[in-house]
Amino acid sequence: MTDNDDEITRKQNLLQKEIIGNNYDKAAFVNFCLSKKEEGDDLNNYTYEELETVVKEFIAHQQGESEVQKKQELLQREIISKNYDKTVFINFCLSKKKNGDDLNEYTYDELVAVVKEFIASQKKEADTEKKEEQQTKVEEKMEKFNAEDDKNFKEKKITCKKLEKTQLNDKEIKVVISNPKTVDGGMFGKSYIKYVVTTQPLDWRVERRYSDFDTLRKLLQKYYPSFYVPPLPLKKIGTKNFSDSFIHKRMKFLNKFINAVVKSESFKASEILYAFLNYTDKAKFDSKFKEYQTRTPTQYVEEYKTLDGIITISLDAKNENYFTNINKYFKLQDEVLDKVNVSLKTLNHSLKTIRETIQEIHKNFTVLHVLNSKVMMKPNITKTMEEISNFFQNWGNIITKQRLLIKDHIKDFFYYVNLEGKAYNELIQRREDLKQKYNNENARVTMKKEKLFNLKDIFKMEIDYNDTSIDKKRLLKDKPYAFEHICIADTRELERINNQLGYANKMNMRELKKMLKEYCVRYVNNIAALNQEFNQTIGDMNNISTNLENFVKSASDSNAKK
């Protein structure tokens, strides 16, 4: 085993012990390393001592955030993952102390006590055994009713509100992110990078930071939950050591993000995007975004806003198979691209080593060239050393170009493709959450109707008492008829959720089909560009080889004459 192998083993053992062994997030650590130096995710770019320092800095950073993270993990584990109602839990916390919905009001131990007390109160309200028995009966009824729904209804249109167009609509908009500038955060704030955002052909020019882009994306997801919102590059941990290459890469992905956003006519009609691209006054911009952050989006599809004032909802059962297959595709893509990324790192390191070796040979022949010109005084030998030196220098430059081509057209391209896959999975997951919400509500309402029907008490059936067409005697005998009219408020709420789900079905299908079409075009264009530019480097290699060959022939002819 070589010294280099020993060094790598020591580094890997360090990471195994300090990062993996202590259950730190590997992706967060890699992101932290990238903030320290270019290609910081490559072990070969660190000495053992340098890596040890980076590990210590990362652990210190993580421990600074661990208290909040511990609280959030507690709530994820004990409240969300166990399907407790988040709103009910928040109200419970507010009953315990003023501002009880703020995590900062609790120590970790206090929050543990509140969570335990909440869970105990919830268990008292539920008779688990009876609920499971009733649930089985309800699920059988649900299958029957859902089958009837699918048979009688697949797609329908609903009138909603119309979006008012902005100056962005009906134009081919091009946005350019440029002129990055580091802003000092002062004594108490963190430094950050500000970018100039220019919108053409409107000639708008504003300054925005990464967090503004991040808020824009979250607001678009909040108010357009059934639309695909493009991804952003991962947020950097710390800003003091941003390298030029990282900033260039960040700008490239920010450009991808915002130019994908402005392709949507619906987004272009939103006040959110208009404010982001147009408001030059920072206070006005912050106020507008804060307004949308605190506002609650409408839950009724009739109050949604579309360009034509029409919403189409779909409950075609065939959609389920499509979404299931797409979800599997993105998961497999994620796994494969992770493997590709590992291979690309190996290739990049190999090309870097070859480049460094070639440059070392170039330097040595340069020394020989100088030495011959001063000592031997033989023009032919001196010229030969010069030509060989130039050959290796040009070869090294070509290797550098090829590394950059692979980085741009393979590594960075598929890095963003992977982010897009995760963004589409977010879209699919929001639909799945709606579907689960509908199923839970359907089960609850069906159970309630079953109970009220069996009571045979007209005054408890929660019907529309203003509807004189309802046959009250029939309500007590005809179950399907009764189920159609009793629990009117619950039935309307269920219909509202069903309409949301139907709209998500329709929009998700549209967005995914559009994505697959765009993928095909982008893949072909990217590979075509890679092929063209790579062929140019091969042509350059042929040229320097031909030049060396011509020199050798000329030198041979000259020697023959002598």
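The values are calculated or read from the model by the stated rules, or taken from the named source; none is laboratory data. Source: prediction; values computed, not measured. Cβ placement follows ideal geometry from the backbone for every residue including glycine, while neighbour counts extend to all protein chains displayed.
Return the pair list, or none, for Cβ contacts closer than 6 Å from residues in the stretch 472-498 that are without any contact (Cβ under 8 Å) to a residue 12 or more places away in the chain to residues that are of a type in the set (D, E, K, R) and surrounded by fewer than 16 Cβ atoms within 10 Å (Cβ to Cβ), at least 6 apart or on different chains.
Partner pairs satisfying both residue conditions: 481/474.
Taking residue 350 as the residue in question, decide whether it is within 30 Å of residue 515 (Cβ to Cβ), of a type in the set (S, T, N, Q) and surrounded by fewer than 13 Cβ atoms within 10 Å (Cβ to Cβ). Working first, answer last.
Numbers: within 30 Å of residue 515 (Cβ to Cβ): no; of a type in the set (S, T, N, Q): yes; surrounded by fewer than 13 Cβ atoms within 10 Å (Cβ to Cβ): yes.
It is false that residue 350 is within 30 Å of residue 515 (Cβ to Cβ), of a type in the set (S, T, N, Q) and surrounded by fewer than 13 Cβ atoms within 10 Å (Cβ to Cβ).
Can you name the helices (runs of 4 or more DSSP H) wholly within the stretch 465-562 that have at least 3 residues being of a type in the set (Phe, Trp, Tyr)?
Where helices (runs of 4 or more DSSP H) fall fully within the stretch 465-562 and carry at least 3 residues being of a type in the set (Phe, Trp, Tyr), they are 488-561.
Quick check on residue 181: is it surrounded by fewer than 17 Cβ atoms within 10 Å (Cβ to Cβ) and either assigned to a strand (DSSP E or B) or modelled with pLDDT of 95 or more (or both)?
Numbers: surrounded by fewer than 17 Cβ atoms within 10 Å (Cβ to Cβ): yes; either assigned to a strand (DSSP E or B) or modelled with pLDDT of 95 or more (or both): yes.
Yes: the conditions hold for residue 181.
Do we find that residue 293 is touching a helix residue (DSSP H, G or I) at 6+ places or on another chain (Cβ under 8 Å), outside any loop (DSSP other than H, G, I, E, B) and more than 30 Å from residue 181 (Cβ to Cβ) in this structure?
Numbers: touching a helix residue (DSSP H, G or I) at 6+ places or on another chain (Cβ under 8 Å): yes; outside any loop (DSSP other than H, G, I, E, B): yes; more than 30 Å from residue 181 (Cβ to Cβ): no.
Criteria not met by residue 293.
Given the criteria more than 35 Å from the chain's Cα centre (by Cα), of a type outside the set (Gly, Ala, Ser) and surrounded by 13 or more Cβ atoms within 10 Å (Cβ to Cβ), does residue 515 qualify? Steps first, please.
Numbers: more than 35 Å from the chain's Cα centre (by Cα): no; of a type outside the set (Gly, Ala, Ser): yes; surrounded by 13 or more Cβ atoms within 10 Å (Cβ to Cβ): yes.
No.
Please verify whether the stretch 226-240 includes one or more residues that are touching a residue at least 24 places away in the same chain (Cβ under 8 Å), under 30 Å from residue 39 (Cβ atoms) and either in a helix (DSSP H, G or I) or polar (S, T, N, Q) (or both).
Yes, some residue in the stretch 226-240 is touching a residue at least 24 places away in the same chain (Cβ under 8 Å), under 30 Å from residue 39 (Cβ atoms) and either in a helix (DSSP H, G or I) or polar (S, T, N, Q) (or both).
Any residue in the stretch 298-311 that's charged (D, E, K, R): show its pairings with residues that are at pLDDT 90 or above and assigned to a strand (DSSP E or B) at Cβ separation under 6 Å, as long as the two are six or more apart or on different chains.
From the stretch 298-311, the pairs are 305/161.
I want to confirm something. Restricting to the stretch 24-55 and keeping residues that are of a type outside the set (Asp, Glu) and closer than 28 Å to residue 109 by Cβ, which single residue is nearest to the chain's Cα centre (by Cα)? Give the derivation first.
Taking the stretch 24-55 first, the residues of a type outside the set (Asp, Glu) are 24, 26-37, 40, 43-48, 51, 53-55.
With closer than 28 Å to residue 109 by Cβ added as a condition, the list becomes 24, 28.
Details: 24: 21, 28: 15 Å.
Ranking the candidates gives 28 first.
When you go through 403, 355 one by one, which is the residue that is closer than 29 Å to residue 334 by Cα, modelled with pLDDT of 90 or more and over 25 Å from the mean Cα position of the chain (by Cα)? It would help to see each step written out before you state the result.
Numbers: 355 fails: closer than 29 Å to residue 334 by Cα.
Result: 403 is the single residue among 403, 355 that is closer than 29 Å to residue 334 by Cα, modelled with pLDDT of 90 or more and over 25 Å from the mean Cα position of the chain (by Cα).
What about residue 512, is it of a type outside the set (Phe, Trp, Tyr) and without any contact (Cβ under 8 Å) to a residue 60 or more places away in the chain?
Numbers: of a type outside the set (Phe, Trp, Tyr): yes; without any contact (Cβ under 8 Å) to a residue 60 or more places away in the chain: no.
Considered against the rule, which asks whether it is of a type outside the set (Phe, Trp, Tyr) and without any contact (Cβ under 8 Å) to a residue 60 or more places away in the chain, residue 512 comes out as no.
Of all the residues that make up the stretch 1-24, how many are among the charged types (D, E, K, R) and touching a residue at least 12 places away in the same chain (Cβ under 8 Å)?
So the answer is 4.
Mind checking which residues of the stretch 363-416 are among the polar types (S, T, N, Q) and closer than 30 Å to residue 522 by Cβ?
Narrowing the stretch 363-416 to residues among the polar types (S, T, N, Q): 364, 366, 372-373, 380, 382, 384, 389-390, 393-394, 397, 400, 402.
397, 400, 402 - these are the residues of the stretch 363-416 that are among the polar types (S, T, N, Q) and closer than 30 Å to residue 522 by Cβ.
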